[in-house]
Every structure is written in C-alpha cells, then in structure tokens.
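Undergrad: First, the structure itself, so that you have it in front of you.
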Amino acid sequence: RVNDGFRLPYFDDIRGAQTQLAAGDDLFFDVEQYELGIKYASNNVGLYATAFRVETQSTRSTAPDPGAPVSVFETESQGLELDATYVMNNGLGLVASATYLDGEVTADPNPLLVGNQSPRQPEWQVRLAPSYEFSIGDLETVVFAAYSHVGDRQSNVENTQPLDAYDKFDLGVEVKTPSGLSFRVFGDNVTDEQGLTEGDPRSFDINANGRYILPRSVRFSVGYEF
C-alpha cells in the first residue's frame, strides 16, 4: 500500500502561524506512507506483520510563547507492526500486538536538532488482551483483561523532556441475558499507574507540567440489544 496525502492545518496551526500565513504559506504539507505486509489466518489463529515507512514534509509543535512562530520540522519513521490473535474452542482467547518504531527529525531550522527522536513517539508499544467466554445457565459471560506498555519517549523536538515508559492494566467482565440486556463492569488502570503522554510545550524543564494518563477508575454500564 502506498499513500500520498496532505496534512491540513487545524485551529492551533492557524492561530500560531500568522507570520507564515502572511508570507503566503498555506500550511498544507505532504505526507507519504508505504506499507508492505503479510497475513495468515486459520480457524483459531491470525498472524499479521506489516513493515511501514512514513515521511512528513512538515510537523508543527506548540510555540514556546503565545504569539511566537511555531516550530516547523520534518520527520521520517520506519518500523514494524505485529498482530496476533488466538482463539481456543474452550472460550479462551488472546489478542497481542507490538509496534517497533524508529522515528527521527530529518530537517529543522536548527541543524543541531536533525537526528533527534521524533516527539512523543515511543520506540516500542506492546499490548496483550486475554479473554474467556463461558455460560452460566442462560447468561453469556466474558471476562477480559488488557496489559499495555508504552516505551520511553521525548516530549519535544529538542529532546530535553524525556517521558518515562509506563505499564497499564485493565480488567472487566460483561454479562449478557437472553432478553438482550447486558451488564458491564470495567476497571481502567487498576494498578493506578502514573504516566505522562506529553510534557509542557512551553517549558524546557523536565516534566514541569504534563498531560497524564487517567488514574484508576471503575465504570458500570447497562446496554440493550434489539
């Protein structure tokens, strides 16, 4: 698969790029993506492997000060995505996925930043999601869990705001009745892991401020299937 498209500007781009707009920059940038993969599927097993490469003509980051020009840089990324599913006849199932990504800055007004790690892009991401389906009388029940790992990242293009890796665990159960009613209890981040998805774009201090993953929570929901 080969894709050649454009990244269109959004509100923050337009608000923070008045200088570029006045100079005739339309803020449209080319994005090219290449994929080559293989798939295998049987009654119980599915395996997928995809190698990819992405080239972005321009990526924008938040301006260090309100009203200042935004930072514009180019990136290239290549990597491998692996997905696997396994379903046993006794109701046990497992979905697993892993992504390896090698992303770097390839052009920047500051040549010293070329070769830095692409912002907010971890080298590794892994997810495991086991489940077990069974019946209790007329009730169909599914017990499921998920483990996800997000590797070390850099929050900014300067690579001065490292974001530590984190691991997250989720648990849940869903019960379906013959009438169509279903009940679901889901525990998100049950170990109350702390992790940042990005740092403060207007501060060069290490994690002076940041956007964090949600703390431990439990959600109960009721549904009806017609």
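Undergrad: Which of 119, 178, 111 moves most in a GNM of the chain, Cα contacts under 10 Å?
TA: Fluctuation is largest for 178.
Undergrad: Further, regarding this structure: About its Cα centre, how strong a charge dipole does the chain have in debye, to the nearest 20, once Lys and Arg get +1 and Asp and Glu get -1 at the Cβ? Before the final figure, lay out each step's value.
TA: On the way: 16 positive and 34 negative charges, 123 e Å.
So the magnitude is around 600 debye.
Undergrad: I've got another one for you. Go ahead and estimate [θ] at 222 nm for the chain from helices alone: -39,500 (n - 2.57) per DSSP H run with n ≥ 4, summed, over the residue count, rounded to 500.
TA: Only helices count here, giving -1000 deg cm²/dmol.
Undergrad: Which residue, 45, 3, 89, has the largest displacement toward the positive end of the dipole of the chain when charges sit on each Cβ (Lys, Arg +1; Asp, Glu -1)?
TA: Positive-most Cα among the choices belongs to 89.
Undergrad: Before anything else, pin down the relative contact order of the chain: Cα pairs under 8 Å, at least 6 apart, normalised by residue count, whole percent. Please list the in-between numbers first.
TA: On the way: 560 pairs, mean separation 26.9, N = 226.
It comes to 12 percent, rounded to a whole number.
Undergrad: Among 106, 19, 85, which one shows the highest mean-square fluctuation when the chain is modelled as a Gaussian network with alpha-carbon springs under 10 Å?
TA: So, out of 106, 19, 85, the one fluctuating most is 19.
Undergrad: If you count only protein heavy atoms and use a 1.4 Å probe, how large is the accessible surface of residue 220, to the nearest 10 Å²?
TA: 130
Undergrad: State the percent of C-alpha pairs, over all pairs in the chain, separated by a distance greater than 23 angstrom.
TA: Of all Cα-Cα distances in the chain, 63 percent exceed 23 Å.
The values are calculated or read from the model by the stated rules, or taken from the named source; none is laboratory data. These figures come from a predicted structure and were not determined experimentally. Using ideal geometry, Cβ is built from the backbone for each residue, glycine included, and neighbour counts are taken over all protein chains shown. With ligands, DNA and RNA removed, areas are computed over all heavy atoms of the protein, side chains included. Shrake-Rupley method; radii C 1.70, N 1.55, O 1.52, S 1.80 Å.
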